[in-house]
Amino acid sequence: MPSAFPRFSAAFFLFFALMAPHCFAAAGEDAAGEVERLERELVGAIARTDLAAYDRIVADDYVAYEASGKESAKADILASYRSGARRYSGLEIFDVRARVFGDTAVVSARTKGFRREGDREVPNNVHYIRVYARREGRWRAVTQMSAPLPNP
């Protein structure tokens with residue numbers, strides 16, 4: 001009686017054993033690159049106060065743990081941009097690195113520039129991690145935690 005399963009040669013299994021890790025790594029590298037590009041786009045949106053781009057990239061249940069120690073939800077962050085209480089200038093991103101774990105990605109990066117505090121601008125040099133989740137086929141930022149860096 002013929003088997004319902006195809007017969008594979010030893011060469012097939014050897015090929016699969018040697019190539020599969022590279023195929024899966026490439027998929028992870030593609031996702032990591034996609035998340036890194038999205039992170040750069042998000043920081044660019046923050047620098048330009050592009051709230052439409054911010055809203056598209058950041059999930060509605062997003063929570064940020066800021067370098068100041070303050071915890072802020074997405075709605076609060078958007079309100080502070082709209083009121084002008086939150087502004088950044090000269091914002092640059094560097095040392096961006098994403099790691100993907102299935103439908104979750106963790107980005108570490110540094111930014112430098114200035115942020116508004118009251119009526120004055122102060123240096124804003126931070127190291128942070130931001131977590132993305134793949135939801136309905138799209139990466140969305142879901143949380144962030146920042147730590148201040150010493151001013152140069």
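Every number in this text was worked out from the coordinates using simple rules, so none of it is lab data. Bear in mind that the values here come from a model prediction, so they are computed numbers and not experimental data. Virtual Cβ from ideal backbone geometry, glycine too; neighbours counted across all protein chains shown.
Given a cut-off of under 8 Å on Cα pairs at least six residues apart, what relative contact order in percent is computed for the stretch 29-85? List each step's numbers first, then the result.
Values: 30 pairs, mean separation 12.5, N = 57.
Normalised by residue count, the contact order of the stretch 29-85 is 22 percent.
Projected label points at PHE114 and VAL96, each 7 Å from Cα along the beta carbon direction, are separated by 2.4 nanometres. Note on ALA73 and ASP50: the model spin-label points, each 7 Å out from Cα along the C-beta direction, lie 2.7 nm apart.
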